[in-house]
Every structure is written in structure tokens, then in C-alpha cells.
Amino acid sequence: MKLSLIVPCYNEKPNLRLLIEHFRKAIGAQADVELILVDNGSTDGSAEVFREELSRPENQFARVVTVPVNRGYGFGIISGLRAARGEFLGWTHADLQTDPKDLIIGFDKLFAEAEPARCFLRGRRIHRGLFDSAFTAGMSVVASAALGTWLHDINAQPKLMHRTFFESLTAAPDDFSLDLYVLYAAKKAGLKVLELPVTFAKRNAGDAKGGGSLRGKFKLIRRTFRYIFSLRRGLSKG
Ligand SMILES: Nc1nc2c(ncn2[C@@H]2O[C@H](COP(=O)(O)OP(=O)(O)O)[C@@H](O)[C@H]2O)c(=O)[nH]1
Ligand SMILES: [Mg+2]
């Protein structure tokens, strides 16, 4: 298996059918690409939809990993990654804000590099509104100043990396800070960070639980800063 794509899904029932369909189109006939959908402790009846969709012959490129009780976004992704068989690993979100095609385009870009195993690819959002751009810029400046390396648009998707890098990670957090942690760890490991410009659409269905709402933004700020300072403490201890 060349590439495993992980999508953590938390109460995304109304998005699942379309999500799987878009991945089917994006992956096409590539038999060396697998999709791992993580049912991340959903309580909205997602399991039923997963069962139905994944029993269809055209969806055999996908399988589901079930986390019985939700423990956070990062925990969901890590659970999916543990089940992955691919040499390269990637993830994105389930609400169709990001196009599944971005993962395939991103992988082709990563794989065209001289040393793909020493690269880390991340999306960077373009064409955003002034408010969202300003918010992201503010977060980037604080995170970068605190951690001593330029970290911009941390929560953009997708993320793609070689398996050896993921396996080298020792302190992956269970919550939304996972994206910050891997980006920071990739830089510290001296990987070449590639950027893929992406457009983020509006969430397809359901409610935003992260930074997509104003309330979510405040929670994101608090959580991220707390996490940054715990990373810093880890740094000063050596
Ligand atoms: N809040 C939350 N989202 C999760 C979790 N596991 C997976 N996700 C997915 O993470 C993605 C981003 O969450 P979302 O609510 O859209 O955040 P936002 O776009 O930043 O507002 C969605 O596709 C969720 O389904 C979890 O434990 N908590
Ligand atoms: Mg979202």
C-alpha cells in the first residue's frame, strides 16, 4: 500500500455519503491508496451509514476504524493512523470544507520531490475572508514567536507525511493541537515543508465544533495557547 488517507469523523452523519463519493472519485482506480474513516465516538447514528456505505462493492477502497468513546480529534486521527498500511500517510477533515482531491494532488506533489520521505506537505488556505485571515495571522504570530519557528495556518488541511516521521512522534496530543504538534515536529526534524494552496469551502452539513464559529475561535485560542506553553516547557527541559 502506497498511501493511507485518514478522515476522523465526529457526528458527521449527513456528510458521510457525499464524503465517500468524493473520495471514490478522487482516488479512482488507484488500488494502492486506502481510505480509513474513523468513526470517532459519534453518537448521531453514523455507524449505520458507515455500515451501509462500506458494504457496497464500489466502496471497498475504504474501511472504518471505530473509536467507541470520543477522546478528541487527535486521538481519532492517531487511531486511524495505527490501522494504516500505507508507506505514506495523510489526513483531512470530514465536513467537505476541504476537497478530497487535495490529498491526491498533494501526494503527487510530495512524491515528485527528490526525497519524499524527508518531506511534509500541508495545505495553506487561500481566498479567505479578511476576518478569518486576520485571525489566522494573529494565531500564527503568537505560535511562531513562542516556538521559535514560523508556523502559519496550522489548521489548514490536508497533511501528508512519510510513515517513518509519524512513527518517530512520541507526544502526539489527543485534541485539536495535533496539527500544530506535527507541523512543529516536522520542522524540528528538519523535514522540507511543502505547501499546497487550497480553498476551504463552507462546511457541507452539520455544525462546526472547532474554529469555524466565533465561539469556537475563542476556545481554539485558549486551547492552542495552553498547548504552546506546554510545548515550550517541554523545550526548556531539553
Ligand atoms: N470537534 C471535533 N471534531 C472532530 C473530532 N474528531 C474528528 N473531528 C472532525 O474534525 C473536523 C474539523 O472539525 P470542525 O467542527 O469542522 O472544525 P472547524 O472547521 O475548525 O470549525 C470535522 O471534520 C470533524 O468531524 C472530535 O473529536 N472533535
Ligand atoms: Mg470544519
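Derivation of every value follows stated rules applied to the coordinates shown; laboratory data play no part. None of the values given here were measured: they were computed from a predicted structure. Here the Cβ is made from the backbone with ideal geometry for all residues, glycine too, and neighbour counts use every protein chain on show.
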So which trypsin sites (Lys or Arg not before Pro) in the range 1-75 are both in a DSSP loop and have at most 15 other Cβ atoms within 10 Å of their Cβ? Lys2, Arg71
Relative to the longest principal Cα axis of the chain, at what angle does helix 13-27 sit, 0 to 90 degrees, rounded to 10? 90
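Which of the residue pairs Lys101/Lys187; Lys25/Lys187; Lys2/Lys219; Lys13/Lys192 have a Cα-Cα distance greater than 31 Å in the structure shown? Could you put the intermediate results ahead of the total?
Values: Lys101/Lys187 25 Å; Lys25/Lys187 33 Å; Lys2/Lys219 37 Å; Lys13/Lys192 36 Å.
Checking Cα-Cα distances, Lys25/Lys187; Lys2/Lys219; Lys13/Lys192 exceed 31 Å.
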Quick one: what are the phi-derived ³J(HN,Hα) couplings along the range 87-93, Karplus 6.51/-1.76/1.60 with θ = phi - 60°, whole Hz, x for glycine and proline? 6, 10, 10, x, 8, 8, 8
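Please work out the FRET efficiency for the pair Leu235 and Gln30, using the Cβ-Cβ distance as r and a Förster radius of 30 Å; give the result to the nearest 0.05.
Calculated transfer efficiency: 0.15.
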Once phi for every residue in the range 39-54 is put through the Karplus expression 6.51 cos²θ - 1.76 cosθ + 1.60 (θ = phi - 60°), the whole-Hz ³J(HN,Hα) values, with Gly and Pro written as x, are 7, 8, x, 5, 10, 9, x, 4, 3, 4, 5, 4, 4, 4, 5, 7
Pull up all non-local amide H partners of Ser42: gap of 5 or more, or a different chain, and H-to-H distance under 5 Å with H placed in the peptide plane. Asn11
With the cut-off at 1.5 for a/c, could you classify the range 32-75 from its C-alpha gyration tensor as rounded, prolate or oblate? oblate
Under the 7 Å Cα-to-Cβ spin-label approximation, Arg82 and Phe218 lie apart by a distance in nanometres of 3.5
Taking H as built 1.01 Å from N, whose amide H comes closer than 5 Å to the amide H of Val193, not counting residues under 5 places away? Phe120
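Can I get the semi-axes of the chain's equivalent ellipsoid? Compute them from the C-alpha gyration tensor as square roots of 5 times the eigenvalues, in angstrom, largest first.
27, 21, 17
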Rounded, prolate or oblate: which fits the range 1-41 when a ≥ b ≥ c are the square roots of the eigenvalues of the alpha-carbon gyration tensor, with rounded for a/c under 1.5 and prolate only if a/b beats b/c? oblate
Distance between modelled label sites at Ile105 and Glu21, nm, 7 Å Cα→Cβ extension: 2.1
Calculate, for Lys202 and Glu52, the FRET efficiency according to 1/(1 + (r/R0)^6) with r their C-beta to C-beta distance and R0 25 Å; round to the nearest 0.05. 0.45
Could you give the angle, 0 to 90 degrees to the nearest 10, between helix 214-236's Cα long axis and the longest principal axis of the Cα atoms of the chain? 60
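Per-residue ellipticity at 222 nm for the chain, helices alone: DSSP H runs ≥ 4 residues times -39500 (n - 2.57), over residue total, nearest 500 deg cm²/dmol? Numbers along the way, then the final one.
On the way: 8 runs with 104 residues, N = 238.
The helix-only estimate for the chain comes to -14000 deg cm²/dmol at 222 nm.
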